[in-house]
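See structure below.
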Amino acid sequence: MRSIAIAAAVSAALLPAGWAEDRSEGVTFEPGAKLATVSGTLSGADVHRYTLAARKGDVVAYRFKPSGTYRCYFDLAGPNGALLFDGTMDGHDTTAAAPADGDYTVRIFLAPESDPPDETCNYSFEFEIEG
């Protein structure tokens, strides 16, 4: 197992600069607002992550609006890293009550088998606090 991890680290170090974008940012709401929208473009192995702080019981609607490809997905993980929503199987929208206080992470990505490999996805993503 260790040799696999070392091989992966060496392979990643040998990739050309700009090969994949791994972007992470926090989601913030304007004062008094219940809706926040983020947008971006990704291609190939790019991954964009957005983190939203929520308290137990907060109900949040997550709405993903991709364009340019049907192989662009999102998933949602809870504060402990457990997968709460898998967009590859469950679609582009979900509404969920936070099961615990903490940071919830949305990960936006192209399917690994995307063809051609330079396929792009333009998207907007809405976070809406309900109630």
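The values are calculated or read from the model by the stated rules, or taken from the named source; none is laboratory data. Note that the coordinates shown come from a computational prediction; the quantities given were computed from them, not determined experimentally. Cβ sites come from the backbone with ideal geometry, for glycine too, and all protein chains shown count toward neighbours.
A count restricted to the range 19-71 and to residues that are assigned to a loop (DSSP other than H, G, I, E, B) and more than 14 Å from residue 103 (Cα to Cα) stands at 16. Across the range 24-72, the qualifying residues are those that are farther than 11 Å from residue 108 by Cα and β-branched (Val, Ile, Thr), and the one among them that is farthest from the chain's Cα centre (by Cα) is 59.
Residue-by-condition table, conditions (1) at pLDDT below 95; (2) of a type outside the set (Lys, Arg); (3) buried (at least 16 other Cβ atoms within 10 Å of the Cβ):
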site	(1), (2), (3)
63	no, no, yes
66	yes, yes, yes
70	yes, yes, no
87	yes, yes, yes
90	yes, yes, no
106	no, yes, yes
112	yes, yes, no
121	yes, yes, yes
124	no, yes, no
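For the range 85-114, the tally of residues that are assigned to a strand (DSSP E or B) and either more than 16 Å from residue 49 (Cα to Cα) or in contact with an Asp or Glu (Cβ under 8 Å, 6 or more places away or on another chain) (or both) stands at 11. Counting just the residues of the range 73-131 that are more than 23 Å from residue 43 (Cβ to Cβ) and in contact (Cβ under 8 Å) with a residue 60 or more places away in the chain, which one comes out nearest to the chain's Cα centre (by Cα)? In this case the residue turns out to be 127.
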